[in-house]
Structures are given as structure tokens and as C-alpha cells.
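Notes for the one structure printed next.
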Amino acid sequence: MAEDEQGAVRAFLAGIRVGEVLGGVVAEVTSRGVAVVLDGFPSRPLGAVGELDLTWGPGAEADLVVGRRVTGEVIGVDPGRGEVRMSTAATRHPLLWRFLRGLRAGRVLSGTVASIESFGVFVALDEGPAHPIHPGVGFVTFPELSWRYFDDPSDVVRVGERVSGAFLHFDTSNGEARLSLRALLPDPFQEFADAVAVGQVLRGRVTRVVPFGVFVEVADGVQGLVRPPTGPAAERPTAPEEVGAQGEEVAVAVVEVDRERRTLLLSRVRAPG
């Protein structure tokens, strides 16, 4: 790119702000998204709409035609690459975007569980517009459902159940409010950490046997890992199931408590002989 053109690009980008709406003409459509020649800079395409920021919903494919006019909300400006990142989904659903942009982290939102999928839980929120595609604007990933371990999300929530969660962030790729239900609940791990000390012996039940050890539940909602003995002290490698079978009650000692990572390391305690 010639130096004078670089200067023109920098000057044009300097006047663009995140959140404003720009118009232009589709110049190229690829598997990665759409390149747009923006109004006010006709010499080459500076607008870029990524595949996750394209319009979704009925008739969305009609926008993906070279020569068609589109509008998009600016979600980023990259002077180094000479690029304006845009979202056409934002301008297609302005009421939804306005609602989601107005939310602040930590705000409590309530609604009804609308659908439980293999990748998370949709919540139809009490406030704000409905989602044009998904069952609900609120979305909860499985780790944010509960502090406690569960095999099936239906053990935690049910379709039609009323729930409340803390707002985490606005997922612009899907037009969702990411929520955390567990953020509104006391963390059993921190309560456990307050009450135990390294070396303390506890009794618990083996809940899972994995290739690298067994998990033992030593308190309600608190599981720790017991690794099989290794090294010179072990006469032979110990298989995880030899540490304890699933459902078995065992005695364990606290080896390490990591509050930040919420991990508990245990060792098996066996009776003499």
C-alpha cells in the first residue's frame, strides 16, 4: 500500500468510533465473512464482518451478495490492519443489541428455563426483547449452573423453572446475555477451605475413577483428587481403582487446598497392616 493511501486509511479510521453504525457495499464473500467497501472510502474495502457477526435469522443469506448494501455496528477498529470490524447482526436486531449493551456485569436477571441443550441452558428473560432465533436471550454454560458436580444439567434445572443469575457479559456472536446461576450461591469449596487444615484426616465416598486417580467427596459439593502412589516408594504402579472403587467409603488426608483454582488434593489413609 502506498504511503499516501496508508495516511488516507489512518485518517479515515481515526474518525470512526466503536458503537456507531456504518453503511457500505459488499465487496467479497468468503468462508471467514464479508468484506465491505464503506461509505466515504470507496478505493478499497475496509469493513470486515466476521462469520459470527453476520446477520442471522430468516433471510440472512440474502445479505451475503456482492454489490448489496449493508449496515453494521462498529465493534472494533484496527488501524494496524486498516480494518473496521462490524456486526450486521447488531443493526438487524437493534432493540436486542440496545438491551444487551445496557447491561452491566453483576446485574441480576431473572427468567424461565426455556431449553436445555448439550452445550448449555437457554433462559427466557423477564425483561428485554425475545431472541429472534434462540429459545431465550439468557444463556448459562454448564460450569455456571452450580458449584457442585453434576452428570446431567437436568439435575440442577428443569425446563419451565424460574431462575435468577448474575450477568457475566454480552456475547455479541450470538446475541446472548451470558449468565451465572452459581454466582448467586455460596461456594461450598471456600466454606470447606475455611474449616480444614493440611494433614487433617477425613472420610468420604469415591465418586469417580479416572485414569489419573479417584475423586472423593469429602463434604457436600466438595470433591478432592487422590492420585495413585508412584515413585520409588511404590513397589509397583498402582491402578486408580486400587485406591478405591466407586461408591466405596475411604479415609483420606488433606494434602493441598487451592482456593483460587478450587482444587483439593488428597492422599489415601489406610489402617496399619
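The values are calculated or read from the model by the stated rules, or taken from the named source; none is laboratory data. All of these numbers come straight from a predicted model, not from anything done at the bench. Positions of Cβ are generated from backbone atoms using ideal geometry, with glycine treated the same way; all protein chains shown enter the neighbour counts. Just so you know, the surface numbers come from the protein's heavy atoms only, side chains and all, with ligands and any DNA or RNA stripped out. Shrake-Rupley method; radii C 1.70, N 1.55, O 1.52, S 1.80 Å.
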So for R0 = 45 Å, FRET eff. of Asn174-Ala8 from the Cβ-Cβ r, to 0.05, ends up at 0.80
Largest first, what is the accessible-area ranking of Trp97, Trp56 with a 1.4 Å probe? Trp56, Trp97
Bin width 5 Å, origin at 0, all Cα-Cα pairs of segment 149-209: what percent of pairs per bin? 4, 11, 13, 19, 18, 13, 11, 7, 4, 1
Considering only Ser154, Phe189, Val210, whose Cα is most displaced toward the positive end of the charge dipole of segment 153-224, charges sitting on Cβ of Lys, Arg (+1) and Asp, Glu (-1)? Val210
So how much accessible area does Ile133 have, in Å² to the nearest 10, using a 1.4 Å probe? 90
Using the Kirkwood formula over every pair of different C-alpha atoms, what hydrodynamic radius in Å results for segment 1-141? 16.7
So what is the accessible area of the chain per residue, in Å², with the probe set to 1.4 Å? 54
Calculated FRET value between Glu249 and Tyr149, using beta carbons and R₀ = 25 Å, to 0.05: 0.90
Convex hull volume per residue for the chain, taking Cα atoms only, in Å³: 201
Going toward the positive end of the dipole of the chain, with +1 on Lys and Arg Cβ and -1 on Asp and Glu Cβ, which of Val36, Phe167, Gly136 do you reach last? Phe167
Derived scalar couplings ³J(HN,Hα) [segment 17-32; Karplus, 6.51 cos²θ - 1.76 cosθ + 1.60; whole Hz; x for Gly, Pro]: 10, 4, x, 7, 9, 10, x, x, 10, 5, 9, 7, 10, 10, 5, 8
May I ask you to list the residues of segment 178-197 whose amide nitrogen lies under 16 Å from a point 7 Å from Cα along the Cα→beta-carbon direction of Ala105? 178-181, 183-184
